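First comes the structure, then the notes that go with it.
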Amino acid sequence: MSDVMEPVSEALIERAKAALGRRNLVFIGLMGAGKSAVGRMTAAALGIPFIDSDHEIERVSRMTISELFAAYGEEEFRALETRVIKRLLNTGPRVVSTGGGAYINERTRRHIKKQGLSIWLNAELDVLWERVNKRDTRPLLKTENPKQTLEKLMHARYPIYAEADLTVISRDVKKEVMVEEVLAALAAMPKK
Ligand SMILES: Nc1ncnc2c1ncn2[C@@H]1O[C@H](COP(=O)(O)OP(=O)(O)OP(=O)(O)O)[C@@H](O)[C@H]1O
Ligand SMILES: O=C(O)C1=C[C@@H](O)[C@@H](O)[C@H](O)C1
Ligand SMILES: [Mg+2]
């Protein structure tokens, strides 16, 4: 079997575009699920602008996420995150990849539900761990046992992520395969 990836079919892209219409597409899920990587590639396939809320927060504050957590704490970070995401959704349509905790915050979740179609990249612990343990840029994982912390976050957050409009299983396949599954999930949505 060839492992050369077939380009995503134009027909699938067109069906996904039609299903999304002029709504924002919002990626949610835990750290390492692939929201930023898959979100960017999905936006390119759909031909709509992409933005990552973590990057936008860093741009407007001129601080890194770690610096923001250290200087102002998580509560202030969440308030800033809510404002940034609300603005991004108001000025769309675009693909927005959110930070892992964004959808967990009630106010942010309300904005996403009102102004976007949400898609949860749902991954198992080992998949996430393999990806996040390579970098130490995630302040919530600066604990004695970061894998256990990640597992606790999974238990606390998965019931909330499950409120998403769509879910795709994130696993160890090429990112292009993930994009195709995202587009297929969009295309398969029942018409309103
Ligand atoms: N399907 C995939 N196969 C292999 N590597 C992947 C896949 N999806 C993402 N990755 C890699 O895993 C790492 C984490 O992905 P990414 O930054 O997109 O996650 P995230 O969900 O945006 O996390 P965070 O909430 O911390 O921003 C990156 O190095 C990315 O390239
Ligand atoms: O899961 C979380 O709460 C976070 C995930 C990252 O994307 C950043 O938004 C920040 O590190 C917090
Ligand atoms: Mg990200």
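The values are calculated or read from the model by the stated rules, or taken from the named source; none is laboratory data. Everything numeric in this text was worked out from a predicted model, so none of it was measured. Glycine also receives a Cβ, built like all others from the backbone with ideal geometry; neighbour counts cover every protein chain displayed.
Whenever a residue of region 125-151 is assigned to a loop (DSSP other than H, G, I, E, B), its partners that are within 13 Å of ligand 1 (Cβ to nearest atom) and small (Gly, Ala, Ser), lying with C-beta atoms within less than 9 angstrom and at least six residues away or across chains, give the pairs ASN133/GLY32; ASP136/SER66; THR137/SER66; ARG138/GLY32; ARG138/SER66; ARG138/GLY100; LYS142/SER66. Could you tell me whether TRP129 is within 18 Å of LEU186 (Cα to Cα), at pLDDT 95 or above and hydrophobic (A, V, I, L, M, F, W, C)? Taking the combined requirement at face value, the residue does not satisfy it. Of the residues ILE119, ILE112, the single one that is part of a helix (DSSP H, G or I) and out of contact with any Pro (no Cβ under 8 Å at 6 or more places or on another chain) is ILE112. Across region 40-68, which residue is farthest from VAL95 (Cα to Cα) among those that are among the polar types (S, T, N, Q) and buried (at least 18 other Cβ atoms within 10 Å of the Cβ)? Per the stated criteria, the residue is SER53.
Going by the conditions given, is LEU183 more than 27 Å from GLY73 (Cα to Cα) and not acidic (Asp, Glu)? Answer is yes for this residue. In region 29-41, the count of residues that are over 29 Å from LYS174 (Cβ atoms), hydrophobic (A, V, I, L, M, F, W, C), touching a residue at least 12 places away in the same chain (Cβ under 8 Å) and within 14 Å of ligand 2 (Cβ to nearest atom) is zero. Out of all the residues in region 148-155, is one or more over 16 Å from THR98 (Cβ atoms), more than 16 Å from ligand 3 (Cβ to nearest atom) and under 17 Å from the mean Cα position of the chain (by Cα)? Yes, there is a match, as at least one residue in region 148-155 is over 16 Å from THR98 (Cβ atoms), more than 16 Å from ligand 3 (Cβ to nearest atom) and under 17 Å from the mean Cα position of the chain (by Cα). Restricting region 27-51 to residues that are part of a strand (DSSP E or B) and closer than 20 Å to GLU124 by Cα, the residue that is farthest from ligand 1 (Cβ to nearest atom) is ILE28. In region 90-107, the condition of being assigned to a helix (DSSP H, G or I), among the basic types (Lys, Arg), surrounded by fewer than 20 Cβ atoms within 10 Å (Cβ to Cβ) and within 14 Å of ligand 2 (Cβ to nearest atom) is met by no residue.
Residue by residue, here is whether (1) loosely packed, with under 15 Cβ neighbours inside 10 Å; (2) within 23 Å of ALA70 (Cβ to Cβ) holds:
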| site | (1), (2) |
| --- | --- |
| GLY116 | no, no |
| ARG135 | yes, yes |
| ARG138 | no, yes |
| GLN148 | yes, yes |
| HIS155 | yes, no |
| ALA164 | no, no |
| LYS174 | yes, no |
| GLU181 | no, no |
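THR91: closer than 18 Å to PHE50 by Cα, of a type outside the set (A, V, I, L, M, F, W, C) and within 14 Å of ligand 1 (Cβ to nearest atom), yes or no? For THR91, the condition - closer than 18 Å to PHE50 by Cα, of a type outside the set (A, V, I, L, M, F, W, C) and within 14 Å of ligand 1 (Cβ to nearest atom) - is not met. When the test is whether a residue is among the charged types (D, E, K, R), under 25 Å from VAL179 (Cβ atoms), near ligand 1 (Cβ under 9 Å from one of its atoms) and assigned to a helix (DSSP H, G or I), ASP54 passes it.
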